[in-house]
1. Quick check: the angle from helix 2-12's long axis to the longest principal axis of the chain, C-alpha only, nearest 10 degrees?
2. State the Cα centre-to-centre distance between segment 55-83 and segment 86-135 in whole Å.
3. Which net charge results when you count Lys and Arg as +1 and Asp and Glu as -1 among the other residues whose beta-carbon is under 13 Å from that of residue 52?
4. In deg cm²/dmol, rounded to 500, what helix-only [θ] at 222 nm does the chain give when every DSSP H run of at least 4 residues adds -39500 (n - 2.57) and the total is split over its residues?
5. Let me make sure I get this right: for segment 14-84, a, b and c are the square roots of the gyration tensor eigenvalues over alpha carbons, sorted descending. Under 1.5 in a/c it's rounded, otherwise prolate if a/b > b/c, else oblate. Which is it?
6. Could you give the size of the charge dipole of the chain about its Cα centre, using +1 on the Cβ of each K and R and -1 on the Cβ of each D and E, expressed in debye and rounded to the nearest 20?
7. Pull out a ≥ b ≥ c, the square roots of the eigenvalues of the alpha-carbon gyration tensor of the chain, then state rounded if a/c is under 1.5, prolate if not and a/b is larger than b/c, and oblate in the remaining case.
8. What full-extension length gain, to one decimal in nm, is calculated for residue 89 and residue 66 as 0.36 nm per residue of separation minus the Cα-Cα distance?
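Please treat every number below as a calculation from the coordinates, not as lab data. This is a predicted model, so every value here is computed, not measured. In this analysis, Cβ positions are derived from the backbone assuming ideal geometry, glycine residues included, and neighbour counts consider all displayed protein chains.
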Amino acid sequence: RVLFALVANRAVAPMSKLSAAEWAGQDTVIPGLTGMDDDHAYRAMDLLIDADTCGRVQEAVFFAVANLFNLEVDLLFFDTTSTYFERDTEDDGDDAFRRFGHSKDHRSDLPQIVIGLAVTKEGIPVRCWCWPGNS
């Protein structure tokens with residue numbers, strides 16, 4: 001029900017997850033949902049991510065959207081960029097994300113991430129990836 005509330009919120013009155021939780025808990029009536037807070041929203045999204053280990057939900061959403069918008073996805077363009085974080089240190093550990101690397105913004109003094117974007121011939125984004133800043 002929490003995932004339904006988040007989707008309904010995006011369709012009716014898009015807000016942050018914190019505001020969506022307040023919206024679902026106070027401003028609307030969703031049968032089967034007696035209350036909701038931002039922790040419920042984040043846990044529900046984590047559950048959805050964990051359940052989609054093979055990417056079937058992502059694939060189904062992609063093809064539904066491609067069909068809905070008549071997107072031609074026979075040719076995709078791909079580009080990367082980087083963005084930095086206003087902090088002095090990079091993340092620690094093997095799975096660290098904010099790392100020092102070659103900065104396209106000429107800010108090698110700040111940790112960053114690398115962002116990849118695939119778009120159609122018309123420039124419609126179809127997929128986004130993020131990698132550690134030293135990728």
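1. The helix 2-12 is inclined about 80 degrees to the chain.
2. Cα centres, segment 55-83 to segment 86-135: 20 Å.
3. Values: positive: 56; negative: 46, 50, 59.
So the surrounding residues net to -2.
4. Values: 4 runs with 44 residues, N = 135.
When only DSSP H runs of four or more count, the value is -10000 deg cm²/dmol.
5. Details: a/c = 2.15, a/b = 1.85, b/c = 1.16.
Prolate.
6. Details: 12 positive and 22 negative charges, 83 e Å.
The dipole of the chain has a size of about 400 debye.
7. On the way: a/c = 2.28, a/b = 1.35, b/c = 1.69.
Here the chain falls in the oblate category.
8. Details: separation 23, 0.36 × 23 = 8.28 nm, distance 4.04 nm.
Result: 4.2 nm gained on full extension.
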